[in-house]
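Below: the structure, in structure tokens.
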Amino acid sequence: LCSTPLARAGAQQIVDAGVTAVIGSMCSNGAAAVSNYFVERDTFIPIVVGDATSMLLSDPGQFPYFLRTASPEPPDAMFNLTFSLGFRRLVLFHNDDLWSATMTSICVRLFEQNGVSFKAVSIPFESSQVEV
């Protein structure tokens, strides 16, 4: 459930059905959309997710009823690996989902601070073909 509109529609169905807690598989986009929907409507429905790893979801002020079983992925780990392997010219492919947006913004900052030459290429979320 990665589509924000589908996740919000599902959240509405959960609220309408009187569900008191959600445990399930959602990507970061879906988890954020469902959590925001619940907060906007003061439903106080906790969500436990194993797949959503965006660091943005770690903010308890924005996602007060969101819990995860997977730890957030630190974007600097990707940079450190790339840098330690000696790569200094990179192409960073990303899309516009929550996880990618977080990773991309932090990696871009780290690349710029450390003199790594890169090109960021945005790929539509559902795309299978890309021109570079």
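The values are calculated or read from the model by the stated rules, or taken from the named source; none is laboratory data. Note that the coordinates shown come from a computational prediction; the quantities given were computed from them, not determined experimentally. Neighbour counts are summed over all protein chains in view; Cβ atoms, including those assigned to glycine, are modelled from backbone coordinates with ideal geometry. Surface accessibility is based on the protein's heavy atoms, side chains included, excluding ligands, DNA and RNA. Shrake-Rupley method; radii C 1.70, N 1.55, O 1.52, S 1.80 Å.
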(message) Quick check on region 77-104: of everything there that is open to solvent by 70 Å² or more (accessible area, probe 1.4 Å) and assigned to a helix (DSSP H, G or I), which residue is modelled with the highest pLDDT?
(response) Ser84
(message) If I ask for residues that are open to solvent by 30 Å² or more (accessible area, probe 1.4 Å), more than 20 Å from Asp97 (Cα to Cα) and in contact (Cβ under 8 Å) with a residue 12 or more places away in the chain, which ones from region 1-41 would you list?
(response) Gln12, Ile14, Val15, Val19, Thr20, Ala21, Ile23, Val39, Arg41
(message) If I filter region 42-62 down to residues being of a type in the set (Gly, Ala, Ser) and within 15 Å of Trp99 (Cβ to Cβ), which single residue comes out as most open to solvent (accessible area, probe 1.4 Å)?
(response) Ser58
